[in-house]
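The block underneath contains the structure these notes are about, expressed in structure tokens.
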Amino acid sequence: MPGSPDAPPHASSSLMTYSLSRISSSAPVPSSSEPGDAASLRRNVAWALAGNLGYSACQWGVLVCIAKLGTAADVGQFALGLALTAPIITLTSLNLRLLQATDAREDYPFSVYLSVRIIGTLLGLAAIAAMAFGLGYRDATLYLILAVAAAKALEAVSDVVFGLLQKAENLRRVATSMLAKGVISVVAVGFVLKLSGDIVLATLALAVCWGGLLVTYDLPAAVRLASVQPSLELRSLVRLVRVSFPLGCVAGVGSLAVNVPRYAVEANLGAIALGHFTALVYLFVAASQPLLALGAAVSPRLARHFVTDLGAYRRLTFRTMVMAGALGLLGVAACALFGRIMLSVAYAPEYAEHTLVLVWLAVATGVSFLAQALSYAVTAARRLPEQLPIAILSLAVCAVASYFLVPLYGLVGAAWAVLATEATRLACLGGVYAAAVIGASSAAPQPSESEVAVRGLLAGRALGERGRSQSSRLATDGDAVRPHGRASRTARPGAPGLKGRP
């Protein structure tokens, strides 16, 4: 999973506030006044940042609870459950939340999005169960995988509700739900592990808490904005699946690419090494949220700007890229300077041996930030089919790099595989973004020959009218001058007679 630098939250927030002030001053939105629009953008980013940071910190807290109250084997099993279920759930989710948030033309109602998500999630659960049986997992490991799958399925349904709220730019409600979910997760896992010591029961408690929050808080929020009754319009469902399938494949393949180095580490170095590598990666989960919060706020506006104002679209993309690059550099510096201390304090002194791995993961995370920023712009431009070949190419690069580098260089090789994957994705997305901007520029309506002729005729008439007006004004001025001249000439002969007067 692409992470982000382990920067202090207050530093990230101040940097984001500065960037948003620059964004709002250079990217006007035609539908509202600029000061109010900038203020709403800052509020949305602040809420999204608070929710994402809090939730990801609680995810890390769940891992710490398992490590402190359980065993190393429990940590490995839980990480295995996440690695096996995440790609399938991500694929069947079809990345509908991002598609909802950028649906500026209201192509599909929420009921259609909800129906597609429910159907896809059920298919994902069936696929996970079949895969777990097919791979030979039994007893506690099998039950744990199914419990993690149930929790992720409930999270997927909440995610489609978040897409509706994000589109309405009501990120406060999303943040509140995420914070509540994170706190409940830590309390439930810690409490059950303390009483029973059973990781399967703790994961089931996690799933029950997420389901309760979905029913009592998330769905009531959706009811205020749209109907939550699933749609049975087969044509609309098929159309949405056809549109979102490339984006879902991109997300699913990307999730698989995230886990390929972990598969290689487990196969070549063992479960303990996998636990170390997973712990290092989780340090970036909370720190990656500022960019995700920014993306949640700017994605709908990128979509509107691409339709209405290409210049504002380019400027907003540039500001987002600057923000992503700054966060990446901050993370690399923090890991290089304080990585050993962070690993010793967060986990144990033995983890400090992997400081070099942490630095390389920070570099890979910085590159992934730039790629993520470009992906927001590319998705807002509705360049969806092009992203699937990019994801497949990135997966191939990740698999080849992991296959060769992990056996030779251990965890450092795994970090290099992640870096190669993100660099490939960044380069390809840059090409798609350039093509989208060039295509939108060339697609701008050009005046026809008749329109050019009419404009030239109107311009000629305007020039003629202006010329006649100037001639008339000059003539009027001449008439005013000529009587004065005649009086002067008439007075000249009589001038000597004036001297003869008495």
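The values are calculated or read from the model by the stated rules, or taken from the named source; none is laboratory data. Here the structure is a predicted model, which means the values were calculated and not measured. Using ideal geometry, Cβ is built from the backbone for each residue, glycine included, and neighbour counts are taken over all protein chains shown. Accessible surface is based on the protein model in full, side chains and every heavy atom, while ligands, DNA and RNA are left aside. Shrake-Rupley method; radii C 1.70, N 1.55, O 1.52, S 1.80 Å.
A compact table of results
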read-out: Count of residues meeting criterion [modelled with pLDDT under 75 and of a type outside the set (S, T, N, Q)] in segment 286-295; value: 3
read-out: The listed residue being open to solvent by 10 Å² or more (accessible area, probe 1.4 Å), under 30 Å from D103 (Cα atoms), modelled with pLDDT of 90 or more and not acidic (D, E), out of V307, V332, V322; value: V322
read-out: Candidates L269, L280, L234, filtered to the one that is modelled with pLDDT of 85 or more, open to solvent by 30 Å² or more (accessible area, probe 1.4 Å) and under 22 Å from V363 (Cβ atoms); value: L269
read-out: Criterion (under 21 Å from V437 (Cβ atoms) and in a helix (DSSP H, G or I)) met by exactly one of A336, A326, A377, A364; value: A377
read-out: Residues (under 13 Å from I66 (Cβ atoms), open to solvent by 50 Å² or more (accessible area, probe 1.4 Å) and in a helix (DSSP H, G or I)) located in segment 197-222; value: L201
read-out: Long-range neighbours under 7 Å by Cβ, at least six apart or interchain, first residue in contact (Cβ under 8 Å) with a residue 40 or more places away in the chain within segment 78-95, second acidic (D, E); value: S93/D159
read-out: Among the residues listed as L99, L123, the single one being in contact (Cβ under 8 Å) with a residue 60 or more places away in the chain and either open to solvent by 20 Å² or more (accessible area, probe 1.4 Å) or farther than 18 Å from Y143 by Cβ (or both); value: L99
read-out: Number of the condition not met by V378 [criteria: (1) within 18 Å of G254 (Cα to Cα); (2) open to solvent by 30 Å² or more (accessible area, probe 1.4 Å); (3) of a type in the set (V, I, T)]; value: (2)
read-out: Any chance A27 is at pLDDT 80 or above and either surrounded by fewer than 17 Cβ atoms within 10 Å (Cβ to Cβ) or among the small types (G, A, S) (or both); value: no
read-out: Given (1) over 15 Å from F245 (Cα atoms); (2) over 20 Å from the mean Cα position of the chain (by Cα); (3) among the aliphatic types (A, V, I, L, M); (4) open to solvent by 20 Å² or more (accessible area, probe 1.4 Å), number of the condition I128 does not satisfy; value: (4)
read-out: Residue in segment 361-380 that is farther than 23 Å from V285 by Cα, at pLDDT below 90 and aliphatic (A, V, I, L, M) present; value: yes
read-out: Scan of segment 243-258 for residues that are open to solvent by less than 20 Å² (accessible area, probe 1.4 Å) and out of contact with any Leu (no Cβ under 8 Å at 6 or more places or on another chain), ordered by number; value: none
read-out: Matching residues in segment 302-334 - criterion: being aromatic (F, W, Y) and free of Cβ contacts under 8 Å to residues at least 60 places away in the same chain; value: F318
read-out: Selection within segment 186-209 - among the small types (G, A, S) and within 18 Å of V161 (Cβ to Cβ); value: A207
read-out: Flag if A435 is open to solvent by less than 30 Å² (accessible area, probe 1.4 Å), of a type outside the set (K, R) and over 17 Å from P246 (Cα atoms); value: no
read-out: Residue match in segment 313-321 (condition: touching a His at 6+ places or on another chain (Cβ under 8 Å) and not aromatic (F, W, Y)); value: yes
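Results for (1) open to solvent by less than 10 Å² (accessible area, probe 1.4 Å); (2) more than 30 Å from H305 (Cα to Cα), shown as yes or no for each residue.
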residue: A362; (1), (2): yes, yes
residue: S368; (1), (2): yes, no
residue: R383; (1), (2): no, no
residue: V400; (1), (2): no, yes
residue: L411; (1), (2): no, yes
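Yes/no matrix, rows are residues, columns are (1) assigned to a helix (DSSP H, G or I); (2) among the aliphatic types (A, V, I, L, M); (3) over 19 Å from A346 (Cα atoms); (4) modelled with pLDDT of 85 or more:
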{"residue": "A67", "(1), (2), (3), (4)": "yes, yes, no, no"}
{"residue": "V75", "(1), (2), (3), (4)": "yes, yes, no, no"}
{"residue": "T85", "(1), (2), (3), (4)": "yes, no, yes, yes"}
{"residue": "L91", "(1), (2), (3), (4)": "yes, yes, yes, yes"}
{"residue": "R97", "(1), (2), (3), (4)": "yes, no, yes, yes"}
{"residue": "R105", "(1), (2), (3), (4)": "no, no, yes, no"}
{"residue": "Y108", "(1), (2), (3), (4)": "no, no, yes, yes"}
